[in-house]
Amino acid sequence: MSAEEFHRYDSMKLFLHQIYEFRKGVRNLVLCTMCRTCASLLAERLERQGIGYLIQEVAGSKVNLYFGNRRCLDAVATFIHKPLNRLSPEEDFMLGTMLGYDIAGQCERYCKRLREQA
């Protein structure tokens, strides 16, 4: 097995584990950054399993693939039209929270971003 094949296999295992965590209720929303080809293949799998997803263009050949709870995806759809580094402090907080990041850390990040805006 080549290093590239091993990396793809490892990435696929992680993706399958994230689907498992979503199905078990551990995660409401998952975000993966990958090449367009991989995103297309993984989107097919999500469709077969009846899991909602969104694809956001990033740069070059990369995309962000979001999948999970439909209500979370509906919220993400309101700001998916802009790069993640251009999110407002509120959008950034919402996304981090939906992705399951540490709430206290998200609060600290939110307050810091608000101070930087002022």
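Against the chain, whose longest principal axis is taken from its Cα atoms, helix 89-98 shows a tilt of about 40°. Here the mean projected area of the convex hull built on the C-alpha positions of the chain is 8.5 nm². For region 44-109, the list of chymotrypsin sites (Phe, Trp or Tyr not before Pro) that fall in a loop by DSSP and count at most 13 other C-beta atoms within 10 angstrom reads Tyr101.
Across region 1-105, C-alpha contacts under 8 Å between residues 6 or more apart give a mean separation that, scaled by the residue count, equals a relative contact order of 26 percent.
Taken over the chain, lysine pairs spaced eight or more positions apart, or on distinct chains, with alpha carbons under 25 Å apart number 4.
When only alpha carbons are used to place a centre, region 43-57 and region 66-118 end up 21 Å from one another.
This model, with +1 at the C-beta of Lys and Arg and -1 at the C-beta of Asp and Glu, gives the chain a dipole about its Cα centre of some 140 debye. By the beta-carbon count within 10 Å of each Cβ, the least crowded to most crowded order of His17, His81, fewest first, is His81, His17.
A short reminder: the numbers here are calculations on the coordinates, not readings from a lab. Predicted model only: the values in this text are computed from it and were never measured. Every residue, glycine as well, gets a Cβ built from its backbone with ideal geometry; the counts of neighbours run over all protein chains shown.
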